[in-house]
Amino acid sequence: MASRYDRAITVFSPDGHLFQVEYAQEAVKKGSTAVGIRGTNIVVLGVEKKSVAKLQDERTVRKICALDDHVCMAFAGLTADARVVINRARVECQSHKLTVEDPVTVEYITRFIATLKQKYTQSNGRRPFGISALIVGFDDDGIPRLYQTDPSGTYHAWKANAIGRSAKTVREFLEKNYTEEAISNDSEAIKLAIKALLEVVQSAGKNIELAIIRRDQPLKMFSAKEIELQVTEIEKEKEEAEKKKSKKST
Amino acid sequence: MALQDVCKWQVPDTQGLSPHLPEAGGWAVPRGCDPQTFLQIYGPRLAHGTTTLAFRFRHGVIAAADTRSSCGSYVACPASRKVIPVHRHLLGTTSGTSADCVTWYRVLQRELRLRELREGQLPSVAGTAKLLSTMMSRYRGLDLCVATALCGWDHSGPALFYVYSDGTCLQGDIFSVGSGSPYAYGVLDRSYHYDMTIQEAYTLARCAVAHATHRDAYSGGSVDLFHVQESGWEYVSRSDAYMLYMELQKAPGLEQEREPEPEPEPEREPEREQEQEAEVSQVRPGPATPQDAAGGGELFVEPEEVTAEDDGITVKTEMI
């Protein structure tokens, strides 16, 4: 029955579904994982880097992009769609500054992206964008924010979230491990993001891309070395924790 | 042109008409004239003369204006309102053509209300000034004349912008607009400093407008005073301009001691206030306060410049 109602997106199915939008969400689930964490003084974005072919230049694949000095986003899903959305969002950030004389708030740009996505679910001849986005940043009032949008055009604020492949596993991990003390410290928040990604990423540190924004500071991308450092620290802590456990039991 | 020299009419500096806007129609003009030039020479003299001022200081933004609407030598309205609220934290002083000012402010009020609903927060003064100047710049060359100072308190504190209908948008601490503005600037520049008290600011604003109404034929009537604070704008007072000026004239000179004057009681307080303020403002050239003999040294050096009016400021605050 679904096949009769999934050709044109402007058509509702009898039980109230927009099938094209749901198929777009399936496309998102095929994309590589991205995780976002909102700390007290920091926001962290981590993505799983897909392994590139031997001859491909790694640096051209970018899944974390700055929208303005104080806002950045990561996405999961169709890269080409994301490119279009990111361009429009960047232009809107500057237009906002021109007309209103103030930089965008994170909520404003998220609402803009969500409205853009919704428009494409309601016009004929177009398909929805096949991406979910995690948008992080600090507002003028110094409060950190994390928002997630999906292909249907809805957006919500989150304390921590994951999108893409194995998002469910990562989200469950975050639900267990996101505590006030885990995010109070900047480095702890970074480690939490890496730990969450390590749950689902193969061959550890090489396949992780990480970016942070601290209050009043621009986006900082972590180099491969820095990520390696973090990963080795995490593994050390794990070993020590296990040693303590085994000592106690014996 | 000879006729313009005789009438002392200044040709406004205008560009060509915008191609996207309709022609200014509705005037039947003689063959060979274009409506704009014709209006400039023979058209009705629209209400233009005024004195408005605004300045920002630590405790907010003060806006003051006279209330005379003149049409050439005819006073169309002696009690008009030239300070228009735009939002609960925003005021605009208007000068130029009254009709243009009122119309554009209504449009601005609507746009700001929509912005507030969309964004969930009060619009900033900078954004409002930007919006007004872009709205009006589309009509450049069509004889729109709106010169306004937007006063408000937003997340960046007290803010003041000057917007002119050709699209000028300037930020500043003191602005005075209108035919009486040179006189007002003289008084303002003399006594303005950012750390004034609220009473000093009220007195300064009233004094500046009163002086301007005394000399400028197109300003007069009463003096409106508004104050924008963090909690929003408030209408402070309306005082008759002539009465105000006479009070300022009556005040005694600097050299005299502070004798008890035959005035009603409430006046005592501002004197005491001024004494304390004078103590604080010893280092800065503030309004003259003769009680402060010690700190008055710098002021006594120039006996004639600090005239009786300055004393009057401190004494007469409450009576008006």
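What to note about this one:
- Restricting attention to the stretch A:70-83, the residues being open to solvent by 40 Å² or more (accessible area, probe 1.4 Å) and either within 14 Å of another protein chain (Cβ to nearest Cβ) or in contact (Cβ under 8 Å) with a residue 24 or more places away in the chain (or both) number 1.
- If you go through the stretch B:165-185 and keep only what is surrounded by 15 or more Cβ atoms within 10 Å (Cβ to Cβ) and part of a helix (DSSP H, G or I), you end up with B:Ser181, B:Tyr183, B:Ala184, B:Tyr185.
- Residue match in the stretch B:186-197 (condition: open to solvent by 30 Å² or more (accessible area, probe 1.4 Å), more than 14 Å from every other protein chain (Cβ to nearest Cβ), in a helix (DSSP H, G or I) and free of Cβ contacts under 8 Å to residues at least 12 places away in the same chain): yes
- Strands (runs of 3 or more DSSP E) within the stretch B:59-141 that include 2 or more residues among the aliphatic types (A, V, I, L, M): B:60-66, B:74-77, B:83-87, B:90-96
- So B:Ala147, is it within 12 Å of the chain's Cα centre (by Cα) and not β-branched (Val, Ile, Thr): yes
- Residue among B:Pro19, B:Pro35 that alone is at pLDDT below 90 and open to solvent by 70 Å² or more (accessible area, probe 1.4 Å): B:Pro19
- Candidate set: the stretch B:217-251, residues that are in a strand (DSSP E or B) and among the polar types (S, T, N, Q); chosen: the one surrounded by the most Cβ atoms within 10 Å (Cβ to Cβ): B:Ser222
- Matching residues, the stretch A:46-68, being modelled with pLDDT of 85 or more, in a loop (DSSP other than H, G, I, E, B) and out of contact with any helix residue (DSSP H, G or I) (no Cβ under 9 Å at 6 or more places or on another chain): A:Leu55
- Residue identified as in a strand (DSSP E or B) and surrounded by fewer than 24 Cβ atoms within 10 Å (Cβ to Cβ) among B:Ala159, B:Ala149: B:Ala159
- Unique residue being surrounded by fewer than 20 Cβ atoms within 10 Å (Cβ to Cβ) and in contact with a Lys or Arg (Cβ under 9 Å, 6 or more places away or on another chain) when the list is A:Leu55, A:Leu98, A:Leu67: A:Leu98
- A:Val201, sole failed condition from (1) part of a helix (DSSP H, G or I); (2) over 21 Å from A:Ser184 (Cα atoms): (1)
- Consider the stretch A:103-160 and keep the residues that are in a helix (DSSP H, G or I) and β-branched (Val, Ile, Thr). The one that is surrounded by the fewest Cβ atoms within 10 Å (Cβ to Cβ) is A:Thr115.
A quick yes/no check of all residues on (1) open to solvent by 10 Å² or more (accessible area, probe 1.4 Å); (2) within 12 Å of chain A (Cβ to nearest Cβ):
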site: B:Trp104; (1), (2): yes, no
site: B:Glu111; (1), (2): yes, yes
site: B:Leu117; (1), (2): yes, no
site: B:Gln121; (1), (2): yes, yes
site: B:Lys130; (1), (2): yes, yes
site: B:Met136; (1), (2): no, no
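- Qualifying residues in the stretch A:84-143 (those that are within 14 Å of another protein chain (Cβ to nearest Cβ) and among the hydroxyl-bearing types (Ser, Thr, Tyr)) - the one farthest from the chain's Cα centre (by Cα): A:Thr99
- For B:Ala126, the test of being among the small types (Gly, Ala, Ser), touching a Phe, Trp or Tyr at 6+ places or on another chain (Cβ under 9 Å), open to solvent by less than 50 Å² (accessible area, probe 1.4 Å) and within 14 Å of chain A (Cβ to nearest Cβ) is passed.
The values are calculated or read from the model by the stated rules, or taken from the named source; none is laboratory data. Since we're looking at a predicted model, the values are computed, not measured. Cβ: placed from backbone, ideal geometry, glycine included. Neighbour counts: every protein chain shown. Accessible surface is based on the protein model in full, side chains and every heavy atom, while ligands, DNA and RNA are left aside. Shrake-Rupley method; radii C 1.70, N 1.55, O 1.52, S 1.80 Å.
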